[in-house]
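The values are calculated or read from the model by the stated rules, or taken from the named source; none is laboratory data. Just so it is clear, the structure is predicted and the values come from calculations on it, not from any experiment. Don't worry about glycine lacking a Cβ; one is built from the backbone with ideal geometry, like all the others, and counts go over all protein chains shown. Each accessible area value is taken on the protein alone, full model and side chains, heavy atoms only, with ligands, DNA and RNA left out. Shrake-Rupley method; radii C 1.70, N 1.55, O 1.52, S 1.80 Å.
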Amino acid sequence: MAKMKTQALYDYCLQQWAKEMPSPESELHYQNAFQLLVAVMLSAQCTDKRVNLVTPALFEAYPDAEAMSKATVDDILQHISSVSYPNSKAAHLSATARKIMSDFNGEVPETVEQLTTLPGVGRKTANVVCAVLFGQPTMAVDTHIFRVAERIGLTTGSRSPLQTEKQLVKHISADLIPKAHHWILLHGRYTCTARRPHCDRCNLAQHCRFYLHNS
């Protein structure tokens with residue numbers, strides 16, 4: 001199969017994902033903006049499945065920024081001890097809740113620039129929150145997206161999440177970026193897996209750089 005030009009490849013992949021997953025959503029469980037922010041912070045270098053196991057009790061105890069701002073770091077740590085890097089995450093959650101109360105009137109800020117002023121909130125976390133909560137055209141790049149984009153051929157020579165982000169947003173229309181984040185992530189989580197990609201059941205294989213090179 002001849003290699004597609006870059007934009008044609010994007011269009012093809014997005015069309016296929018739209019058919020497979022017309023309404024993709026985050027697999028993290030949350031009931032308000034603050035809870036999503038917390039869940040995304042906890043998910044760094046940790047599985048969504050693990051995060052979803054610890055957040056019910058955490059959110060029952062601290063359902064919003066006001067409640068968590070009154071908790072001690074040790075209080076929070078007791079609820080999240082089974083996630084990766086629990087000590088630093090507990091400290092970040094405590095500080096973030098207090099800053100949201102003091103600087104943002106208890107509301108999760110709605111821009112990447114404001115979100116990244118919160119302790120423990122990097123660009124990826126901020127992009128997830130802006131896309132999922134506010135429908136903004138922000139492309140969060142995690143390990144799945146970084147890997148899948150380069151494998152398929154959506155990016156070329158990308159050496160950092162920011163480089164991947166810039167190449168992706170250049171070729172994906174703003175209205176589709178929030179969905180495309182989930183599409184690429186879920187494709188990497190369940191089909192284009194890290195060690196053994198399931199090319200036999202992937203409808204992108206015939207145009208995929210990795211598959212064409214290795215078949």
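Points worth noting:
- Loop-resident sites, the range 46-108, for trypsin sites (Lys or Arg not before Pro), counting at most 14 other Cβ within 10 Å (DSSP): K70
- Net dipole in debye of the chain [+1 Lys, Arg Cβ; -1 Asp, Glu Cβ; about Cα centre; nearest 20]: 1120
- Here the Karplus curve 6.51 cos²θ - 1.76 cosθ + 1.60, taken at θ = phi - 60°, turns the phi angles of the range 104-121 into couplings of 10, 6, x, 10, 5, x, 10, 10, 4, 4, 6, 4, 6, 7, 7, x, x, 9 Hz, with x standing for Gly and Pro.
- CD proxy at 222 nm, helix term only [per DSSP H run n ≥ 4: -39500 (n - 2.57); per residue of the chain; nearest 500]: -17500 deg cm²/dmol
- For the range 147-202 versus the range 78-118, the gap between their alpha-carbon centres in whole angstrom: 28
- Loop GluC sites (Glu not before Pro), the range 57-138 (other Cβ atoms within 10 Å of the site Cβ: 16 or fewer; DSSP): E107, E110
- Between helix 123-134 and the chain there is an angle of about 90 degrees, using the helix long axis and the longest principal axis of the Cα atoms.
- Rolling a 1.4 angstrom probe over the protein heavy atoms with all chains in place gives the chain an accessible area of 51 Å² per residue.
- Reach of K89 by Cα under 14 Å, taken over aspartates and glutamates that are not fewer than 8 positions away in the same chain: D74, D75
- Crossing angle, helix 86-103 versus the chain [Cα axis fit, 0-90 degrees, rounded to tens]: 70
- Helix 161-171 vs. the chain, principal-axis angle (Cα, 0 to 90°, nearest 10): 60
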